[in-house]
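Q: Got a structure for you, questions after.
The values are calculated or read from the model by the stated rules, or taken from the named source; none is laboratory data. Please read these numbers as outputs of a predicted model, since none were measured by experiment. Neighbour counts run over all protein chains shown; Cβ positions are idealised from the backbone, glycine included. The area values use the complete protein model at the heavy-atom level, side chains included, leaving out ligands, DNA and RNA. Shrake-Rupley method; radii C 1.70, N 1.55, O 1.52, S 1.80 Å.
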Amino acid sequence: MGKQINYWMNFDNFLLLAQKALTLGCTIVRESPDSDGVRESKDIALIKPYEKEYRISYYFHLPEAGSIKTRIVGGKTYVDSGYSASSNAVIEVGYSKMQSKMLH
């Protein structure tokens with residue numbers, strides 16, 4: 001069974017964590033309900049401060065652990081982040097929207 005850890009960080013600290021994940025071999029996955037859908041990158045530039053009211057989700061993906069599984073809901077593609085023994089090889093991550101609005 002997986003474990004959940006909640007740690008609320010601001011945007012700048014999240015960028016540092018994401019850079020460390022990239023250094024360790026992960027990629028960054030961005031899930032956005034707009035036209036971007038699901039995008040994967042080895043570039044920290046994929047991460048943006050909150051600009052819109054809808055939620056943009058981020059994930060770290062270790063390619064060696066398996067492929068990213070997606071699902072389509074209402075014609076839009078999302079990361080399938082549900083848990084099962086053969087589930088996705090991603091870790092959901094993010095930063096505090098409230099702290100980001102105060103800082104930027």
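Q: Would you rank 70, 77 by solvent-accessible area, highest first, keeping every protein chain in place and using a 1.4 Å probe?
A: 70, 77
Q: Under 1.5 on a/c is rounded, so check that first for segment 18-79, then, if it is not, pick prolate when a/b is larger than b/c and oblate when it is not; a ≥ b ≥ c are the square roots of the alpha carbon gyration tensor eigenvalues.
A: It is oblate, given that a/c is not under 1.5 and a/b is not larger than b/c.
Q: Using a 1.4 angstrom probe on heavy atoms only, work out the carbon and sulfur share of the accessible area of segment 18-76 in %.
A: Exposed carbon and sulfur together represent 52 percent of the surface.
Q: Ok, one more. What FRET efficiency comes out for residue 9 versus residue 36 if R0 is 25 angstrom and r is the Cβ-Cβ distance? Round to the nearest 0.05.
A: 0.60
Q: Can you give the accessible area of residue 51 in Å² (nearest 10), computed on protein heavy atoms with a 1.4 Å probe?
A: 150
Q: Please list, ordered by chain and number, the residues whose modelled amide H lies under 5 Å from the amide H of residue 37; skip anything fewer than 5 residues away on the same chain.
A: Under 5 Å from the amide H of residue 37: 32.
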